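Please treat every number below as a calculation from the coordinates, not as lab data. Just so you know, these numbers come straight off a predicted model, no measurement behind them. Here Cβ is always computed from backbone atoms with ideal geometry, including for glycine, and neighbour counts include all displayed protein chains.
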Amino acid sequence: MSVIICRASEFLRRRIAYCPTCRTKRRFVGREAVWYGTTWHCCGCGDTWEDGMRRQRPFRRGWRTEAIAAAKQLWDKASPFDRATYEEWLREQLGEGATS
């Protein structure tokens, strides 16, 4: 028996936006996947949003500290948004060849 696990490619995005939990402007990092939309992570409180809805929080101690650290690591990996790079990634994900 063999198992194949595949995961959608992600495009990391940065933005500064109002966080409803922090009640102030914060750094957000987004993980965009073609078929699933963008998942936004707040670097201030660790909360996560998908489709405008806050994701359920884990029921365990220390989750917020871990989520903040993970969001900050993603922020460091994300580069400032460049439309040409994003469109190239999107074409690649959709299986379209380079357009001339």
Checklist outcome for this item: Taking segment 56-100 and keeping only residues that are part of a loop (DSSP other than H, G, I, E, B), within 16 Å of LEU12 (Cα to Cα) and charged (D, E, K, R), one is left with ASP82
Checklist entry - Which members of segment 44-81 meet the condition of being touching a Cys at 6+ places or on another chain (Cβ under 8 Å) and among the polar types (S, T, N, Q)? => result THR48
Next on the checklist: If the requirement is being within 30 Å of GLU88 (Cα to Cα) and of a type in the set (Val, Ile, Thr), which of these qualifies: THR38, THR21?
Outcome noted: THR38
Item to check | strands (runs of 3 or more DSSP E) (entirely within segment 1-46) containing at least 3 residues that are out of contact with any Asp or Glu (no Cβ under 9 Å at 6 or more places or on another chain) | outcome: 11-19, 24-33
Next on the checklist: Quick check on segment 58-100: of everything there that is of a type in the set (Phe, Trp, Tyr) and touching a residue at least 12 places away in the same chain (Cβ under 8 Å), which residue is nearest to CYS43 (Cα to Cα)?
Outcome noted: TRP75
